Amino acid sequence: MSIAPAEVVRHFLRLEATRSKYSNRKEELLAWCGLSDSEMMVNVRRFAGERDDVNPVLVYTVGVRGDDRSSQVAGWTRGRIKCGDIFAPHISSQMQPDIDEVRGNILAFAKGLASKYSEFRPLAALCEDTSILIVVAHRVPSKDGEYEVIDGVHRLVALCRAGIQEVEAYVAHMK
C-alpha cells in the first residue's frame, strides 16, 4: 500500500525525539508531527539544514545540503521484508572491512562479525516505532541484498542477533 512521504518523516521525527542528541528539541520535533504535511515538511527541511550530519532519511525525503534524492523516489510503501535481503554500505569506518567482507549484508554481519563490537547490544524491548526500519529498494552490484537500510541499522543488527527473520519497514521505491 502506498503511503505519503510525510508519514515516513513523522516516524523519523518520533525516533529523533528519543535521541539524547535532540533531547532539548523533543517537544518541538513531536509538535511538528501534528502539523499539516506541507508545514511539517518545511520545518523538517529547515531542521535538515541545521543538523551537523547528513541523515540519509532526510536525503530521501526532504533533501540535505545539495543532496536531494526525494525527486528520485517514485513512492513509499510500508510492509514486511526479510532481514537477509537488507544491506548497509557502511556503519562506521572501523567496521568497514567487516561490512565489506559480508558484502554489506546485515544478517550475515549480525550472525558473525558484529559480536566484535560492543555498540551492538542485545535486543532490548522495542516499541512499535523503534522496531520499524526505513529502507530504499535498490540493488547495488557490490552489495548482497535488495534493500539498503537508511535508518535503524543498529536495531536491525539486534533483531537479527535475536533470531528475527522479518521486519516491518518503510520502503522507498526509486524511479
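Against the definition (part of a loop (DSSP other than H, G, I, E, B) and either exposed (fewer than 12 other Cβ atoms within 10 Å of the Cβ) or of a type in the set (Val, Ile, Thr) (or both)), how does VAL8 come out, yes or no?
No, not satisfied.
What's the number of the condition TYR170 fails, among (1) of a type outside the set (Lys, Arg); (2) touching a residue at least 40 places away in the same chain (Cβ under 8 Å); (3) over 24 Å from ILE3 (Cα atoms); (4) buried (at least 19 other Cβ atoms within 10 Å of the Cβ)?
In the conditions (1) of a type outside the set (Lys, Arg); (2) touching a residue at least 40 places away in the same chain (Cβ under 8 Å); (3) over 24 Å from ILE3 (Cα atoms); (4) buried (at least 19 other Cβ atoms within 10 Å of the Cβ), TYR170 misses (3) alone.
Suppose we filter segment 145-167 for residues that are part of a loop (DSSP other than H, G, I, E, B), out of contact with any helix residue (DSSP H, G or I) (no Cβ under 7 Å at 6 or more places or on another chain) and touching a residue at least 12 places away in the same chain (Cβ under 8 Å); how many remain?
2
Considering only segment 149-175, how many residues are under 10 Å from the mean Cα position of the chain (by Cα) and acidic (Asp, Glu)?
The qualifying residues number 1.
Out of (1) modelled with pLDDT under 95; (2) touching a Phe, Trp or Tyr at 6+ places or on another chain (Cβ under 7 Å); (3) not charged (D, E, K, R), the odd one out for VAL64 is which?
The failed condition is (2).
Kindly indicate which of ARG65, ARG14 is open to solvent by 50 Å² or more (accessible area, probe 1.4 Å), charged (D, E, K, R) and touching a Cys at 6+ places or on another chain (Cβ under 9 Å).
Testing whether each residue is open to solvent by 50 Å² or more (accessible area, probe 1.4 Å), charged (D, E, K, R) and touching a Cys at 6+ places or on another chain (Cβ under 9 Å) leaves just ARG14.
Quick test of your reading of the structure: PRO97 fulfils all but one of (1) more than 17 Å from the chain's Cα centre (by Cα); (2) assigned to a loop (DSSP other than H, G, I, E, B); (3) surrounded by fewer than 13 Cβ atoms within 10 Å (Cβ to Cβ). Name the failing condition by number.
That leaves (2) as the condition not met.
The values are calculated or read from the model by the stated rules, or taken from the named source; none is laboratory data. Keep in mind it's a predicted model, so treat the numbers as computed, not measured. Neighbour counts run over all protein chains shown; Cβ positions are idealised from the backbone, glycine included. These accessible areas exclude ligands, DNA and RNA; they are computed on the full protein's heavy atoms, side chains included. Shrake-Rupley method; radii C 1.70, N 1.55, O 1.52, S 1.80 Å.
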